[in-house]
Amino acid sequence: MTRGRWSAAVLAVALLAGGCTDEDANARFRPGAADLGDPYVPGAGNGGYDVAHYALQVRYDPASDRLTGQATVTATATAGLSRFQFDLAGLTVDRVRVDGAPATHRRDGNELVVTPAHGLPAGKRFTVEVAYGGVPQPLPSGELGDGGFHATGDGAIALGQPESASTWYPVNDHPSDKATYDLEVTVPDGLAALSNGVPKGRSSKDGWTTWRWSEGSPMASYLTTLVIGNYRVSTGTHAGKPLVTAVAAGLPADGPAARALARTGEVADFLADRFGPYPFDAYGGIAVADERIRYALETQTRPVYGPGFFRGGRPNTEVVAHELAHQWFGDSVSLSRWSDIWLNEGFATYAEWLWNEHDGVRTVAQAFADRYAVTDWTKPTVDPGRAAMFGDAVYQRGALAVHALRRAVGDETFFRMLRGWLAERRNGTATTADFIGYAERVAGRSLRPLFDAWLVGASAPALP
(Lines give C-alpha, C1' and ligand atoms only; values in the text may rest on other atoms or scores of the structure.)
Protein backbone atom coordinates (compact mmCIF):
# COMPACT_ATOMS: atom_id res chain seq x y z
CA MET A 1 0.00 0.00 0.00
CA THR A 2 1.35 3.37 -0.98
CA ARG A 3 1.41 6.22 1.53
CA GLY A 4 -1.16 8.24 -0.45
CA ARG A 5 -3.62 5.35 -0.56
CA TRP A 6 -3.02 4.61 3.14
CA SER A 7 -3.76 8.23 4.09
CA ALA A 8 -6.93 8.32 2.03
CA ALA A 9 -8.11 5.07 3.57
CA VAL A 10 -7.45 6.30 7.08
CA LEU A 11 -9.34 9.53 6.32
CA ALA A 12 -12.30 7.57 5.02
CA VAL A 13 -12.38 5.38 8.14
CA ALA A 14 -12.13 8.46 10.36
CA LEU A 15 -15.10 10.09 8.66
CA LEU A 16 -17.16 6.92 8.97
CA ALA A 17 -16.20 6.70 12.64
CA GLY A 18 -17.48 10.16 13.39
CA GLY A 19 -14.78 12.56 12.21
CA CYS A 20 -16.16 15.99 11.39
CA THR A 21 -16.36 17.85 8.13
CA ASP A 22 -16.68 21.64 8.28
CA GLU A 23 -20.44 21.23 7.93
CA ASP A 24 -20.50 18.73 10.80
CA ALA A 25 -18.48 21.09 13.00
CA ASN A 26 -20.89 23.93 12.35
CA ALA A 27 -23.80 21.64 13.21
CA ARG A 28 -22.39 21.16 16.73
CA PHE A 29 -23.20 24.76 17.60
CA ARG A 30 -26.56 26.50 17.59
CA PRO A 31 -27.87 29.78 19.02
CA GLY A 32 -29.12 29.48 22.57
CA ALA A 33 -32.87 29.94 23.06
CA ALA A 34 -33.87 33.56 23.65
CA ASP A 35 -36.87 32.61 25.81
CA LEU A 36 -37.45 29.77 28.27
CA GLY A 37 -41.09 29.57 27.22
CA ASP A 38 -42.63 30.48 30.58
CA PRO A 39 -45.94 32.15 29.60
CA TYR A 40 -46.03 34.16 32.83
CA VAL A 41 -42.83 36.00 31.83
CA PRO A 42 -42.70 35.99 28.02
CA GLY A 43 -39.22 36.74 26.77
CA ALA A 44 -37.55 36.22 30.15
CA GLY A 45 -34.78 33.71 30.65
CA ASN A 46 -32.46 32.16 28.10
CA GLY A 47 -31.49 28.64 27.13
CA GLY A 48 -28.25 26.86 26.32
CA TYR A 49 -26.32 27.58 29.51
CA ASP A 50 -26.50 27.38 33.28
CA VAL A 51 -25.08 30.22 35.37
CA ALA A 52 -23.00 29.32 38.43
CA HIS A 53 -21.92 32.78 39.63
CA TYR A 54 -22.36 36.51 39.08
CA ALA A 55 -19.63 38.93 40.18
CA LEU A 56 -21.04 42.46 39.91
CA GLN A 57 -19.20 45.75 40.30
CA VAL A 58 -21.64 48.65 40.19
CA ARG A 59 -21.16 52.40 40.64
CA TYR A 60 -24.20 54.62 41.06
CA ASP A 61 -24.40 58.40 41.21
CA PRO A 62 -27.78 59.64 42.52
CA ALA A 63 -27.05 63.15 41.25
CA SER A 64 -27.19 61.97 37.62
CA ASP A 65 -29.05 58.66 38.12
CA ARG A 66 -26.24 57.09 36.13
CA LEU A 67 -25.06 53.54 36.78
CA THR A 68 -21.89 51.95 35.44
CA GLY A 69 -21.23 48.28 35.85
CA GLN A 70 -18.89 45.40 35.21
CA ALA A 71 -20.50 41.96 35.33
CA THR A 72 -18.47 38.75 35.27
CA VAL A 73 -20.74 35.77 34.68
CA THR A 74 -19.49 32.20 35.07
CA ALA A 75 -21.63 29.59 33.35
CA THR A 76 -21.61 26.14 31.74
CA ALA A 77 -22.92 25.46 28.25
CA THR A 78 -25.74 22.91 28.33
CA ALA A 79 -25.67 22.66 24.52
CA GLY A 80 -23.20 23.57 21.83
CA LEU A 81 -23.54 27.35 21.50
CA SER A 82 -22.71 29.53 18.53
CA ARG A 83 -24.18 32.47 20.44
CA PHE A 84 -26.18 33.11 23.60
CA GLN A 85 -28.22 35.84 25.24
CA PHE A 86 -28.67 37.66 28.52
CA ASP A 87 -31.68 39.64 29.67
CA LEU A 88 -30.66 43.30 29.92
CA ALA A 89 -33.18 46.13 29.73
CA GLY A 90 -32.33 49.64 28.61
CA LEU A 91 -28.61 49.89 29.39
CA THR A 92 -25.77 50.42 26.92
CA VAL A 93 -23.12 47.73 26.55
CA ASP A 94 -19.60 48.96 25.91
CA ARG A 95 -17.63 45.73 25.76
CA VAL A 96 -18.07 41.95 26.00
CA ARG A 97 -15.36 39.34 26.41
CA VAL A 98 -15.81 35.55 26.54
CA ASP A 99 -12.99 33.65 28.23
CA GLY A 100 -10.86 36.73 27.91
CA ALA A 101 -11.33 37.13 24.15
CA PRO A 102 -13.35 39.95 22.55
CA ALA A 103 -16.85 38.87 21.53
CA THR A 104 -19.31 40.61 19.24
CA HIS A 105 -22.56 41.80 20.75
CA ARG A 106 -25.79 43.50 19.78
CA ARG A 107 -29.05 44.52 21.39
CA ASP A 108 -32.37 42.94 20.47
CA GLY A 109 -34.99 44.72 22.57
CA ASN A 110 -34.33 43.73 26.18
CA GLU A 111 -31.86 41.05 25.13
CA LEU A 112 -28.07 41.22 24.88
CA VAL A 113 -26.96 38.85 22.11
CA VAL A 114 -23.36 37.65 22.47
CA THR A 115 -21.40 35.83 19.75
CA PRO A 116 -18.07 34.46 21.03
CA ALA A 117 -15.05 34.16 18.76
CA HIS A 118 -15.45 30.39 18.81
CA GLY A 119 -18.36 28.05 19.49
CA LEU A 120 -18.82 26.79 23.05
CA PRO A 121 -19.12 22.98 23.24
CA ALA A 122 -21.73 21.43 25.50
CA GLY A 123 -20.32 20.99 28.98
CA LYS A 124 -17.77 23.79 28.66
CA ARG A 125 -17.45 26.18 31.58
CA PHE A 126 -16.97 29.73 30.36
CA THR A 127 -16.74 33.28 31.67
CA VAL A 128 -18.39 36.38 30.22
CA GLU A 129 -17.32 39.91 31.11
CA VAL A 130 -19.76 42.71 30.28
CA ALA A 131 -19.00 46.41 30.70
CA TYR A 132 -22.17 48.47 30.61
CA GLY A 133 -23.86 51.63 31.86
CA GLY A 134 -26.65 54.15 31.54
CA VAL A 135 -29.64 55.46 33.43
CA PRO A 136 -31.61 52.42 34.67
CA GLN A 137 -35.41 52.44 34.36
CA PRO A 138 -38.14 50.24 35.84
CA LEU A 139 -39.42 47.41 33.66
CA PRO A 140 -43.15 47.77 32.90
CA SER A 141 -45.00 44.54 33.66
CA GLY A 142 -48.54 45.47 32.67
CA GLU A 143 -51.08 44.39 35.26
CA LEU A 144 -48.28 43.40 37.66
CA GLY A 145 -46.86 46.93 37.94
CA ASP A 146 -43.32 48.11 37.39
CA GLY A 147 -40.38 46.14 38.72
CA GLY A 148 -36.69 46.84 38.67
CA PHE A 149 -34.52 49.88 39.27
CA HIS A 150 -36.27 52.91 40.77
CA ALA A 151 -34.36 56.14 41.34
CA THR A 152 -35.28 57.80 44.64
CA GLY A 153 -34.66 61.22 46.12
CA ASP A 154 -31.53 60.02 47.92
CA GLY A 155 -30.50 56.93 45.96
CA ALA A 156 -32.27 53.99 44.37
CA ILE A 157 -34.22 50.79 45.02
CA ALA A 158 -33.82 47.78 42.71
CA LEU A 159 -36.67 45.40 43.46
CA GLY A 160 -39.49 43.49 41.84
CA GLN A 161 -41.25 40.23 41.04
CA PRO A 162 -41.32 38.37 38.68
CA GLU A 163 -38.70 40.49 36.87
CA SER A 164 -36.30 43.19 38.05
CA ALA A 165 -32.69 42.06 37.81
CA SER A 166 -32.34 42.77 34.08
CA THR A 167 -32.76 46.50 34.73
CA TRP A 168 -29.38 46.73 36.46
CA TYR A 169 -27.18 43.82 35.30
CA PRO A 170 -27.03 41.22 32.49
CA VAL A 171 -28.73 38.06 33.72
CA ASN A 172 -30.53 34.84 32.91
CA ASP A 173 -33.68 36.26 34.48
CA HIS A 174 -35.73 33.21 35.48
CA PRO A 175 -35.84 31.40 38.86
CA SER A 176 -35.02 28.06 37.22
CA ASP A 177 -31.38 29.23 36.82
CA LYS A 178 -30.10 30.03 40.31
CA ALA A 179 -26.55 31.21 41.00
CA THR A 180 -24.27 32.57 43.70
CA TYR A 181 -23.36 36.26 43.84
CA ASP A 182 -20.62 38.67 44.83
CA LEU A 183 -21.51 42.36 44.67
CA GLU A 184 -19.45 45.53 45.03
CA VAL A 185 -21.44 48.76 44.85
CA THR A 186 -19.83 52.17 45.00
CA VAL A 187 -21.87 55.20 46.07
CA PRO A 188 -21.14 58.71 47.36
CA ASP A 189 -19.85 58.84 50.93
CA GLY A 190 -22.63 58.97 53.51
CA LEU A 191 -25.04 56.73 51.62
CA ALA A 192 -25.71 53.09 52.43
CA ALA A 193 -25.63 50.46 49.68
CA LEU A 194 -27.46 47.34 50.83
CA SER A 195 -27.79 44.01 49.08
CA ASN A 196 -28.06 40.26 49.69
CA GLY A 197 -25.98 37.92 51.77
CA VAL A 198 -23.01 38.31 54.07
CA PRO A 199 -21.49 41.78 54.46
CA LYS A 200 -17.86 41.78 53.33
CA GLY A 201 -16.90 45.21 54.57
CA ARG A 202 -16.59 48.59 52.92
CA SER A 203 -13.90 51.08 52.03
CA SER A 204 -13.81 54.76 51.05
CA LYS A 205 -11.71 56.72 48.57
CA ASP A 206 -12.02 60.15 46.95
CA GLY A 207 -15.54 60.79 48.25
CA TRP A 208 -16.96 57.38 47.34
CA THR A 209 -17.64 54.30 49.47
CA THR A 210 -17.67 50.74 48.17
CA TRP A 211 -19.95 48.27 49.98
CA ARG A 212 -19.34 44.55 49.47
CA TRP A 213 -21.81 41.67 49.79
CA SER A 214 -21.63 37.95 49.07
CA GLU A 215 -24.43 35.39 48.75
CA GLY A 216 -22.90 31.92 48.73
CA SER A 217 -26.17 29.99 48.37
CA PRO A 218 -27.80 29.75 44.94
CA MET A 219 -30.26 32.61 44.45
CA ALA A 220 -32.99 33.24 41.87
CA SER A 221 -32.35 36.49 40.01
CA TYR A 222 -35.60 38.20 41.07
CA LEU A 223 -34.47 37.80 44.68
CA THR A 224 -31.46 40.07 44.19
CA THR A 225 -31.84 43.61 45.48
CA LEU A 226 -29.92 46.84 45.67
CA VAL A 227 -31.06 49.58 48.07
CA ILE A 228 -29.10 52.85 48.12
CA GLY A 229 -29.78 55.93 50.23
CA ASN A 230 -29.95 57.39 53.71
CA TYR A 231 -30.59 54.45 56.03
CA ARG A 232 -29.99 53.67 59.66
CA VAL A 233 -28.05 50.42 59.37
CA SER A 234 -27.82 48.03 62.32
CA THR A 235 -25.32 45.18 62.26
CA GLY A 236 -24.92 42.31 64.66
CA THR A 237 -25.09 38.55 64.84
CA HIS A 238 -27.85 36.05 65.43
CA ALA A 239 -27.32 32.32 65.92
CA GLY A 240 -23.70 32.88 64.92
CA LYS A 241 -24.55 34.56 61.62
CA PRO A 242 -24.53 38.21 60.54
CA LEU A 243 -27.82 40.06 61.01
CA VAL A 244 -28.10 43.32 59.08
CA THR A 245 -31.22 45.47 59.18
CA ALA A 246 -31.77 48.93 57.78
CA VAL A 247 -34.54 51.49 58.19
CA ALA A 248 -34.93 54.48 55.90
CA ALA A 249 -33.95 57.74 57.58
CA GLY A 250 -37.38 59.09 56.65
CA LEU A 251 -39.05 56.57 58.99
CA PRO A 252 -39.09 57.03 62.80
CA ALA A 253 -36.06 55.59 64.55
CA ASP A 254 -38.30 53.88 67.12
CA GLY A 255 -41.35 53.50 64.88
CA PRO A 256 -43.29 50.36 63.90
CA ALA A 257 -40.95 49.44 61.04
CA ALA A 258 -37.88 49.56 63.27
CA ARG A 259 -39.66 47.59 66.01
CA ALA A 260 -40.83 44.93 63.56
CA LEU A 261 -37.38 44.44 62.01
CA ALA A 262 -35.89 44.20 65.50
CA ARG A 263 -37.79 40.92 65.92
CA THR A 264 -36.26 39.35 62.77
CA GLY A 265 -34.12 36.88 64.68
CA GLU A 266 -36.96 35.87 66.98
CA VAL A 267 -39.33 35.23 64.07
CA ALA A 268 -36.66 33.31 62.14
CA ASP A 269 -36.03 31.06 65.16
CA PHE A 270 -39.75 30.33 65.50
CA LEU A 271 -39.96 29.31 61.85
CA ALA A 272 -36.80 27.22 62.09
CA ASP A 273 -38.47 25.18 64.83
CA ARG A 274 -41.22 24.30 62.34
CA PHE A 275 -39.38 24.15 59.01
CA GLY A 276 -35.86 23.08 59.91
CA PRO A 277 -32.58 25.02 60.09
CA TYR A 278 -32.47 28.51 58.61
CA PRO A 279 -31.04 27.90 55.12
CA PHE A 280 -28.66 30.86 54.62
CA ASP A 281 -25.54 32.45 56.09
CA ALA A 282 -27.07 35.83 56.99
CA TYR A 283 -30.28 37.37 58.34
CA GLY A 284 -31.78 40.79 57.89
CA GLY A 285 -34.36 43.15 56.46
CA ILE A 286 -34.75 46.60 54.92
CA ALA A 287 -37.63 49.02 55.52
CA VAL A 288 -37.93 51.59 52.72
CA ALA A 289 -39.92 54.83 52.77
CA ASP A 290 -40.72 55.10 49.05
CA GLU A 291 -44.51 54.96 48.57
CA ARG A 292 -44.07 53.34 45.14
CA ILE A 293 -43.03 50.15 46.91
CA ARG A 294 -46.47 48.90 47.88
CA TYR A 295 -45.41 45.38 48.72
CA ALA A 296 -42.84 43.41 50.68
CA LEU A 297 -40.48 41.06 48.86
CA GLU A 298 -38.50 38.08 50.09
CA THR A 299 -35.17 39.24 48.65
CA GLN A 300 -32.82 36.51 49.80
CA THR A 301 -31.43 36.94 53.34
CA ARG A 302 -32.64 40.56 53.45
CA PRO A 303 -36.37 41.07 52.72
CA VAL A 304 -37.50 44.54 51.70
CA TYR A 305 -40.66 46.02 53.25
CA GLY A 306 -42.66 48.88 51.77
CA PRO A 307 -43.92 51.62 54.13
CA GLY A 308 -47.58 50.62 53.86
CA PHE A 309 -47.10 47.64 56.17
CA PHE A 310 -46.33 49.83 59.16
CA ARG A 311 -49.27 52.21 59.31
CA GLY A 312 -51.17 52.87 62.49
CA GLY A 313 -48.27 52.59 64.88
CA ARG A 314 -48.14 48.80 65.17
CA PRO A 315 -45.01 46.77 64.39
CA ASN A 316 -46.78 44.22 62.12
CA THR A 317 -44.54 41.20 62.62
CA GLU A 318 -47.01 39.22 60.49
CA VAL A 319 -45.38 40.54 57.32
CA VAL A 320 -41.95 39.76 58.75
CA ALA A 321 -43.08 36.16 59.32
CA HIS A 322 -44.36 35.98 55.75
CA GLU A 323 -41.15 37.22 54.15
CA LEU A 324 -38.89 35.20 56.42
CA ALA A 325 -40.91 32.06 55.66
CA HIS A 326 -40.03 32.66 52.04
CA GLN A 327 -36.38 32.13 52.92
CA TRP A 328 -37.35 28.45 53.06
CA PHE A 329 -40.33 28.42 50.66
CA GLY A 330 -39.33 30.32 47.54
CA ASP A 331 -35.71 31.24 48.20
CA SER A 332 -34.03 28.02 49.32
CA VAL A 333 -36.56 25.92 47.39
CA SER A 334 -37.48 27.99 44.36
CA LEU A 335 -39.93 27.73 41.50
CA SER A 336 -39.19 25.89 38.30
CA ARG A 337 -42.02 27.86 36.66
CA TRP A 338 -44.16 30.77 37.74
CA SER A 339 -47.48 28.93 37.41
CA ASP A 340 -46.56 27.11 40.66
CA ILE A 341 -46.13 30.32 42.67
CA TRP A 342 -48.52 29.01 45.34
CA LEU A 343 -45.59 26.86 46.55
CA ASN A 344 -44.06 30.15 47.66
CA GLU A 345 -47.06 32.18 48.71
CA GLY A 346 -49.37 29.52 50.14
CA PHE A 347 -46.74 28.32 52.60
CA ALA A 348 -45.61 31.86 53.48
CA THR A 349 -49.23 32.82 54.20
CA TYR A 350 -49.61 29.72 56.35
CA ALA A 351 -46.47 30.78 58.23
CA GLU A 352 -48.29 34.05 59.06
CA TRP A 353 -51.07 31.96 60.59
CA LEU A 354 -48.57 29.93 62.62
CA TRP A 355 -46.79 33.06 63.84
CA ASN A 356 -50.02 34.87 64.75
CA GLU A 357 -51.11 31.91 66.84
CA HIS A 358 -47.73 31.89 68.59
CA ASP A 359 -47.86 35.67 69.08
CA GLY A 360 -51.33 35.57 70.60
CA VAL A 361 -53.20 37.25 67.71
CA ARG A 362 -55.51 34.41 66.64
CA THR A 363 -55.36 30.65 66.22
CA VAL A 364 -54.60 28.83 63.00
CA ALA A 365 -58.01 27.16 63.25
CA GLN A 366 -59.73 30.55 63.35
CA ALA A 367 -57.69 31.88 60.41
CA PHE A 368 -58.59 28.76 58.44
CA ALA A 369 -62.32 29.03 59.24
CA ASP A 370 -62.47 32.73 58.42
CA ARG A 371 -60.73 32.33 55.07
CA TYR A 372 -62.65 29.17 54.12
CA ALA A 373 -65.93 31.07 54.55
CA VAL A 374 -65.04 33.82 52.05
CA THR A 375 -62.98 31.98 49.43
CA ASP A 376 -63.98 32.12 45.77
CA TRP A 377 -63.50 28.47 44.83
CA THR A 378 -63.85 29.14 41.10
CA LYS A 379 -60.37 30.65 41.05
CA PRO A 380 -57.57 28.04 40.96
CA THR A 381 -54.43 28.14 43.08
CA VAL A 382 -52.22 26.30 40.60
CA ASP A 383 -51.73 28.02 37.24
CA PRO A 384 -53.97 30.98 38.12
CA GLY A 385 -52.91 32.96 35.06
CA ARG A 386 -50.37 35.77 34.88
CA ALA A 387 -52.84 38.48 35.91
CA ALA A 388 -53.83 36.51 39.05
CA MET A 389 -50.42 35.27 40.14
CA PHE A 390 -50.55 37.58 43.18
CA GLY A 391 -54.23 37.04 43.92
CA ASP A 392 -56.07 35.56 46.89
CA ALA A 393 -56.33 32.14 45.24
CA VAL A 394 -52.53 31.85 45.33
CA TYR A 395 -52.01 33.22 48.84
CA GLN A 396 -55.12 32.43 50.86
CA ARG A 397 -56.51 29.38 49.08
CA GLY A 398 -52.94 28.11 48.98
CA ALA A 399 -52.73 28.44 52.76
CA LEU A 400 -56.07 26.64 53.11
CA ALA A 401 -54.64 23.74 51.10
CA VAL A 402 -51.61 23.61 53.39
CA HIS A 403 -53.81 23.40 56.49
CA ALA A 404 -56.06 20.82 54.85
CA LEU A 405 -52.95 18.71 54.29
CA ARG A 406 -52.04 19.13 57.96
CA ARG A 407 -55.50 18.00 59.08
CA ALA A 408 -55.41 15.03 56.73
CA VAL A 409 -52.03 13.62 57.79
CA GLY A 410 -51.72 14.86 61.38
CA ASP A 411 -49.27 17.25 62.98
CA GLU A 412 -46.33 14.87 63.39
CA THR A 413 -46.38 13.73 59.76
CA PHE A 414 -47.13 17.22 58.46
CA PHE A 415 -44.16 18.98 60.04
CA ARG A 416 -41.88 16.03 59.30
CA MET A 417 -43.04 16.32 55.70
CA LEU A 418 -42.22 20.02 55.50
CA ARG A 419 -38.79 19.64 57.08
CA GLY A 420 -37.93 16.71 54.83
CA TRP A 421 -39.12 18.49 51.69
CA LEU A 422 -37.06 21.57 52.46
CA ALA A 423 -33.97 19.52 53.27
CA GLU A 424 -34.25 17.40 50.14
CA ARG A 425 -34.83 20.34 47.78
CA ARG A 426 -32.54 22.86 49.47
CA ASN A 427 -30.82 25.22 47.00
CA GLY A 428 -32.89 23.78 44.16
CA THR A 429 -36.16 24.23 42.33
CA ALA A 430 -39.46 22.35 42.32
CA THR A 431 -42.96 22.06 40.87
CA THR A 432 -46.36 21.31 42.37
CA ALA A 433 -46.10 17.75 41.06
CA ASP A 434 -42.78 17.35 42.86
CA PHE A 435 -44.32 18.45 46.16
CA ILE A 436 -47.38 16.23 45.82
CA GLY A 437 -45.19 13.24 44.98
CA TYR A 438 -43.02 13.88 48.04
CA ALA A 439 -46.03 14.36 50.32
CA GLU A 440 -47.51 11.07 49.16
CA ARG A 441 -44.27 9.22 49.84
CA VAL A 442 -44.09 10.58 53.37
CA ALA A 443 -47.79 10.00 54.08
CA GLY A 444 -47.68 6.54 52.54
CA ARG A 445 -50.91 7.06 50.61
CA SER A 446 -52.44 8.93 47.74
CA LEU A 447 -53.10 12.59 48.37
CA ARG A 448 -54.02 13.57 44.83
CA PRO A 449 -57.79 13.89 45.51
CA LEU A 450 -57.09 16.20 48.46
CA PHE A 451 -54.77 18.45 46.47
CA ASP A 452 -57.09 18.50 43.47
CA ALA A 453 -59.99 19.62 45.65
CA TRP A 454 -58.14 22.26 47.61
CA LEU A 455 -55.96 23.67 44.85
CA VAL A 456 -58.03 23.56 41.67
CA GLY A 457 -61.55 22.28 42.42
CA ALA A 458 -64.33 24.64 41.42
CA SER A 459 -66.45 24.21 44.57
CA ALA A 460 -65.81 24.29 48.31
CA PRO A 461 -64.10 21.04 49.35
CA ALA A 462 -65.30 18.99 52.27
CA LEU A 463 -63.47 19.75 55.48
CA PRO A 464 -60.91 17.02 56.32
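The values are calculated or read from the model by the stated rules, or taken from the named source; none is laboratory data. Since the model is a prediction, treat every value here as computed from it, not as a measurement. All Cβ positions, glycine included, derive from the backbone under ideal geometry; neighbour counts span all protein chains shown. Calculation scope for accessible area: heavy atoms of the full protein, side chains included, ligands and nucleic acids excluded. Shrake-Rupley method; radii C 1.70, N 1.55, O 1.52, S 1.80 Å.
Data overview
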quantity	calculated
Flag for Tyr169 being surrounded by 24 or more Cβ atoms within 10 Å (Cβ to Cβ), over 12 Å from the mean Cα position of the chain (by Cα) and not in a strand (DSSP E or B)	yes
Helices (runs of 4 or more DSSP H) wholly inside segment 369-464 containing at least 1 residues that are touching a residue at least 24 places away in the same chain (Cβ under 8 Å) and under 30 Å from Pro140 (Cβ atoms)	392-409, 432-443
Counted residues, segment 366-423 - those being under 29 Å from Gly145 (Cβ atoms) and hydroxyl-bearing (Ser, Thr, Tyr)	4
Test: residue in segment 274-282 that is touching a residue at least 40 places away in the same chain (Cβ under 8 Å), surrounded by fewer than 22 Cβ atoms within 10 Å (Cβ to Cβ) and among the acidic types (Asp, Glu)	yes
Selection within segment 334-353 - under 22 Å from Arg302 (Cβ atoms) and open to solvent by less than 10 Å² (accessible area, probe 1.4 Å)	Ser334, Leu335, Ile341, Asn344, Glu345, Phe347, Ala348, Thr349, Ala351
Hey, Tyr395 open to solvent by less than 70 Å² (accessible area, probe 1.4 Å) and in contact with an Asp or Glu (Cβ under 7 Å, 6 or more places away or on another chain) or not	yes
Test: residue in segment 362-372 that is crowded, with 19+ Cβ neighbours inside 10 Å, under 22 Å from Thr431 (Cα atoms) and modelled with pLDDT of 95 or more	no
Among residues of segment 231-257, those that are open to solvent by 40 Å² or more (accessible area, probe 1.4 Å), under 18 Å from Asp281 (Cα atoms) and among the aliphatic types (A, V, I, L, M), counted	1
Spans of strands (runs of 3 or more DSSP E) in segment 55-156 with at least 2 residues over 29 Å from Trp211 (Cα atoms), open to solvent by 20 Å² or more (accessible area, probe 1.4 Å) and out of contact with any His (no Cβ under 7 Å at 6 or more places or on another chain)	81-87, 104-108
Selection within segment 42-87 - touching a Pro at 6+ places or on another chain (Cβ under 8 Å) and at pLDDT below 95	Ala44
Checklist (1) of a type in the set (Gly, Ala, Ser); (2) closer than 25 Å to Leu144 by Cβ; (3) more than 21 Å from the chain's Cα centre (by Cα) applied to Ala430, failing item	(3)
